[in-house]
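Following: one structure in structure tokens, then a few remarks.
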Amino acid sequence: MQDGRCRSGRFLGICGGRDRGRTRAPIAAEPTFVPADPSIEVHIDDARVRLVLAGSLGTRTCETLLEAAREVAGTGRDVEVVCADTEFLGLAALQVLLSLRRTCGRTGRAVRLSGVRPAVVEMLAITGFADGLGLTSIEAPLPTTRSGT
Amino acid sequence: MSVDVAQFLQVFLEEAAEHLGTLETSLLELERTPRDAELLGKLFRAAHSIKGGAATFGLPAVARFTHHAESLLDAMREGAVVATAETVDLLLQATDLLRTMLVGGGGDAEGPRADQLVAALQAALVGGGAAVPAPAAVVAAPAGRRIHVHFVPARDILQSGLDPLTLIRELASVGVLEDVELDATRVPDLAELDPCAVTVGWRFLVRADDGGSLTPEQVREVFEFASMDAELDVEAEAEAQDPGAGAAHATSDPQAPTAGTPAAARAADGSIRVAVGKVDELVNLVGELVINQSMVGELVRGFRIEKLGQLIEAVAAMERNTRELQERVMGIRMVPVGSVFQRFPRMVRDLGASLGRKVDLVLIGEDTELDKGVVERLADPLTHLVRNAVDHGIESPAARVAAGKPEVGSLRLTAAHQGGHVIIELRDDGHGLDTARIRAKALAQGLIGPHEDLSEAAIHNLIFAAGFSTAAVVTDISGRGVGLDVVRRNIEALEGTVAIESVAGQGTCFRIVLPLTLAILDGLSLRVGEQIYVLPLTSIIESLRVRPEQYRRVLGRGELIDLRGESIPLLRLHHVFSIDVEAFSPVGRLVVIVEHQGAKMGLLVDEITGQPQVVIKSLESNYRRVDGVMGATILGDGHVALILDVPGLIRTGHDLGKRITAARAQQGALS
């Protein structure tokens, strides 16, 4: 990621670095949910470190998400997880995000979820993950903030 | 299946008391480390456990009140509210009220105090910016029957294509989720995470939709496809619990507690929670004992002299098992001394704040076990000593700084096993005792004579003397309404001793030595005349036959024996217990030397008959208190023997010796 080139994850493109493009590849979504274009992007610039999630993120994407989470955790900075285009977060994805928050928390860094859609918030609330992920307010869905597309 | 939860209420109350203790001590720690995530998690779990238990056991007022405290703790855990001295204080007050509510049977949450605290807790929550709006599916107002669900999915459930979150969504569609608790404590760090392995679990409290119904079976159906290799517990609460209705509402279960049922009365019954393993050991031992008994019975019934060896062997085995059984049963009564220690951090904090003292209390050895009876009766004297240490032992911050000490005083309360005893020490680094003032006061009160040459330690011990007024030494030693003599009496009532060490300017240490148990005692059996007495082994230094050169009579001090240069008063037990004997000289007779708090005495007896382990029976509860006697016991041969009270005998001995000597002197009978 440090050489200025994008690399691909197993299913999804993961891009890092300033103004770097991303690649996206569709995968099969969770059987009980409407398939959506899942994507996982890492954006690191001078101002912030963002993990941008979109679509339905379930078991099949969790390894890629884990890889991305390790990358953002490795920056040593606070992390914003942008969920404006996230339609579903499965248990595997939530475990990754919880673990990311815990790992960063141990070194005093914050992981903040932003732009979470009401439907996802409700899901997080009834499953108890809202607390675990530090969702302190239901923010209005934000416009897509992905860059480098 | 209906479960009578009332039978477990006592257990819940005991557990709740432990959780309250955890809350209190952890809140005090939180003041020092307000961002300690582990501590915040511990606090949250304690509050959550109380809330859950209270709801289950029909204490809705407790559950509702705890919910507010829990919400604040949750916000603190998530970092939305930062723990400050004010929030900690508020939560401590909430803990106090919860304790009062639980002691009172779970009611009384509707009083103005509770309302004030709830308002303050809510204000702290909002003020801290924490706001997790309850989504539509999670509502706060409960009604109807509630069902507790505990669900831990199989670790590999995701590989089967089933996401547990979909099951929870389905659960929320069949009923209303009132409470959700996610247990994510086992989720590892990123470096070790396998996201496809499930490491979380849940507890839900779910009820039927308004006007609808919900059965445990319906809930189980939701998890039907996930139940393989999963942990799933589904339990319905008792009918119609309406927290909004307050404490005045009784549950449908006549056994369940109501506001008018004082839980304190239940708690006063006293109970001990025992590990299943310990009970299993007892069952095994009893089993072996039954086998032993059967063997002995068999041998006795068809006894022939050639079977004598087998009989002796069988009886010996029976003795071994009986003794082991006794030790293990006594072990069940052992509880950690921490249950007493737990109250002191809060007490020291509050007392320090009100007196302007800064005190750092360190507790060591809280796991040290003592007999339950001893632990319960240790609380009062120890509280007195701790209060005294903060009040009068440790100086004000300014005085400490002026004396070249750290501003914050140190108070260390330790417990440890030593031999067959437990040693409890309370050590402060305050200004120590003022020896000159104690001596002056003791002199003024006639406790010592003007020419009496006392060591510094002996002068310090005077503060334990009955009648040693605290009035004039308020600022230096005690100042409480109750003197340290009461502390000593309480400790002695536990068959313990208390001693003091103090160095001017450096601090004071109270050292309490307690027996592990009050129920059984290792003793030495003695014959005096025709009577048998038992002397506690722990008080005995040695026994000897008096040689002529060792024996002296001193006017004003009675009979003495010289033991390696030390003059020890002699007490004839015949006189103490009015046993008629012809006058005799102690020379050549048997004397047992006993000691209590540095004071030694020789007890003149006729014979040492054995070293039995005896079960102590209270004399006071069946007869009355007798000076010099701590209880009675039944010996192996069926005879009753009195157990001697050494501290009492030493006090009696001093008086008796003086009286006898004086009387003889008057009669010119000394020879």
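Just so you know, all these numbers are worked out from the coordinates, no wet-lab data involved. Everything numeric here is computed off the predicted structure, so don't read it as measured data. So basically every Cβ, Gly included, is an ideal-geometry build from the backbone, and we count neighbours across all protein chains shown.
The protection proxy used here, the mean number of other Cβ atoms lying within 10 Å of each residue, ranks peptides B:396-405, B:592-601, A:105-114 as follows, highest first: B:592-601, A:105-114, B:396-405. Available extension along the chain between residue B:454 and residue B:301 is 48.3 nm, counting 0.36 nm per residue and deducting the alpha carbon span. Cross-link partners for residue B:405 among the lysines, with Cα-Cα distance under 18 Å and sequence neighbours closer than 8 places in the same chain left out: B:358.
The stretch between residue B:618 and residue B:585 holds 8.4 nm of extra length on full extension. This uses 0.36 nm per residue minus the Cα-Cα distance. Among B:81, B:56, B:101, pick out the residue whose Cα is farthest towards the positive end of the charge dipole of the range B:26-101, where Lys and Arg carry +1 and Asp and Glu carry -1 on C-beta, about the Cα centre. The residue sitting farthest along the positive end of the dipole is B:56. Among B:54-66, A:82-94, sorting by the average number of other beta carbon atoms lying within 10 angstrom of each residue, highest first, gives B:54-66, A:82-94.
Only Lys, Arg, Asp and Glu carry charge here, each on its Cβ (+1 for the first two, -1 for the last two); on that basis the range B:530-581 has a dipole of about 180 debye about its Cα centre. Here the spin labels are modelled as points 7 Å beyond Cα on the Cα-Cβ line, and at residue B:312 and residue B:504 they lie 6.7 nm apart.
Taking the Cα centre of the range B:303-372 as reference, the dipole from Cβ charges on Lys and Arg (+1) and Asp and Glu (-1) amounts to some 300 debye.
Residue by residue through B:177-188, how many Cβ atoms from other chains fall within 10 Å of the Cβ on average?
Numbers: counts 4, 0, 1, 7, 2, 9, 2, 11, 1, 0, 9, 5.
Per residue, the average neighbour count from other chains is 4.
Per-peptide packing, taken as the mean over residues of other Cβ atoms within 10 Å, places B:158-166, B:173-181, B:43-51 in the sequence B:43-51, B:173-181, B:158-166 from highest down.
Compute the Cα gyration tensor for the range B:545-627, then decide on rounded, prolate or oblate, letting a ≥ b ≥ c be the square roots of its eigenvalues: rounded whenever a/c is under 1.5, prolate when a/b is larger than b/c in the other cases, and oblate in all that remain. Intermediate values should be presented prior to the final figure.
On the way: a/c = 1.78, a/b = 1.70, b/c = 1.05.
Since a/c reaches 1.5 and a/b is larger than b/c, the shape of the range B:545-627 is classed as prolate.
Distance between the 7 Å Cα→Cβ label points at residue B:174 and residue B:286: 4.2 nm. A Förster radius of 51 Å combined with the Cβ-Cβ distance from residue B:530 to residue B:380 puts the calculated FRET efficiency at roughly 0.80.
What the Cα atoms of the range B:388-451 give is an Rg and a Dmax of 16.3, 43 Å.
If you plug the beta carbon distance of residue B:103 and residue B:192 into 1/(1 + (r/R0)^6) with R0 = 51 Å, you get a FRET efficiency near 0.70.
The stretch between residue B:401 and residue B:609 holds 68.8 nm of extra length on full extension. This uses 0.36 nm per residue minus the Cα-Cα distance. Spin-label model, residue B:350/residue B:96: points 7 Å from Cα along the beta carbon direction are separated by 0.5 nm.
Across peptide A:105-112, what mean number of C-beta atoms from other chains lies inside 10 Å of a residue's C-beta?
Details: counts 2, 2, 0, 1, 0, 1, 0, 0.
Across A:105-112, the average partner-chain Cβ count within 10 Å equals 1.
Panel order for B:307, B:42, by other beta carbons found within 10 Å of each beta carbon, from fewest to most: B:307, B:42. Within 10 Å of the Cβ of each residue in A:64-70, the mean number of Cβ atoms contributed by other protein chains is 2. Can you figure out the FRET efficiency of residue B:493 with residue B:443, using R₀ = 35 Å and their beta-carbon distance, to the nearest 0.05? Taking R0 as 35 Å, the efficiency between residue B:493 and residue B:443 is 0.75. Sorting B:382, B:555, B:90 from the fewest to the most surrounding beta carbons within 10 angstrom yields B:555, B:90, B:382. 3J(HN,Hα) couplings calculated from phi for the range B:313-324 with the Karplus curve 6.51 cos²θ - 1.76 cosθ + 1.60 (θ = phi - 60°) are, in sequence order, 4, 5, 5, 4, 5, 5, 4, 4, 5, 5, 5, 5 Hz; Gly and Pro show x. Residue exposure proxy: B:551, B:533, ordered by other Cβ atoms within 10 angstrom of their Cβ from fewest to most, comes out as B:551, B:533.
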